Amino acid sequence: MRRLLCWLGICLIATVLSGTAHAGRVPERLVYNLSWTGIPVGVATQEITEEGMVRRIVSTARSNDWLSAFFPVEDRIESVLVKTEPFPGQSRSFRMQIREGARRRDRELIFFQASGKAIYHDRIGGERKEIPIVENTYDVYASFYYVRFLDLKVGRPVYLHILDGKELQRIEVQVLRKERVSTPVGEFDTIVVKPLVKPEGVFEGKGGATIWLTDDHRRIPVKARTKVKVGSVTAILTGGEF
């Protein structure tokens, strides 16, 4: 679920890769219903705001009463960026606080882009590690906002470097097709993308997430789906400010 949310909108490259990025809309707040094989399991939100030279992306996920009775989920993930071009800016810090059943995680990344390094800190276990990074390394949330506003073309993948743990990753984002979808907030012409990154956390996925972005200048992620060991998890846009 975590990386599914990360790649919702939220999660998310360089202008030189595939065209000019559009100016993103800030603030933006998106609200999703989460379901597993058609059964409602929770609600997720993702919001981007800015103040001065700082942009902040915050995502939350909470299980509903039915799931919380035996597997409570309460996740909060925050990405802080320096407000530069291209949108959404340059990753400065990333913190993931996860409560999923009996499992808890609290890890943080601090980016030193000019020095070509980042510091990983497990705030529960105490582990620290210095990680070499390359130019234009994004945390996973910032990367999604960047991808959203590229000049996406069906059949033309884009590649990017992300860091959300102890290892730098170069991932491929496939641009699959165009498709019209229906949601509680309306029908939309969409462009469908698939980041080849393994979902983690509750309902751990197999083969990454598929995301439906509106095929217009807003590029709102209106739907996302990831396969799991049994069935699939789907997020559908139900409201917000966008």
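Overview of results
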{"quantity": "Among the residues listed as Ile110, Ile77, the single one being buried (at least 20 other Cβ atoms within 10 Å of the Cβ), under 20 Å from the mean Cα position of the chain (by Cα) and part of a strand (DSSP E or B)", "calculated": "Ile77"}
{"quantity": "Inter-residue pairs, beta-carbon under 6 Å, first assigned to a loop (DSSP other than H, G, I, E, B) and in segment 128-139, second among the aromatic types (Phe, Trp, Tyr), 6+ apart", "calculated": "Asp139/Phe94"}
{"quantity": "Qualifying residue in segment 181-192 (condition: buried (at least 23 other Cβ atoms within 10 Å of the Cβ) and over 30 Å from Asp122 (Cβ atoms))", "calculated": "yes"}
{"quantity": "Matching entry among Ile133, Ile98 (being modelled with pLDDT of 95 or more and touching a helix residue (DSSP H, G or I) at 6+ places or on another chain (Cβ under 8 Å))", "calculated": "Ile133"}
{"quantity": "Residue among Val147, Val134 that is hydrophobic (A, V, I, L, M, F, W, C) and exposed (fewer than 12 other Cβ atoms within 10 Å of the Cβ)", "calculated": "Val134"}
{"quantity": "Residue under evaluation Ala44, criteria (1) buried (at least 19 other Cβ atoms within 10 Å of the Cβ); (2) in contact with an Asp or Glu (Cβ under 8 Å, 6 or more places away or on another chain), criterion not met", "calculated": "(2)"}
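The values are calculated or read from the model by the stated rules, or taken from the named source; none is laboratory data. Just so it is clear, the model here is predicted, and its values are computed rather than measured. Note that each Cβ is placed from the backbone with ideal geometry, even for glycine, and that neighbours are counted across all protein chains shown.
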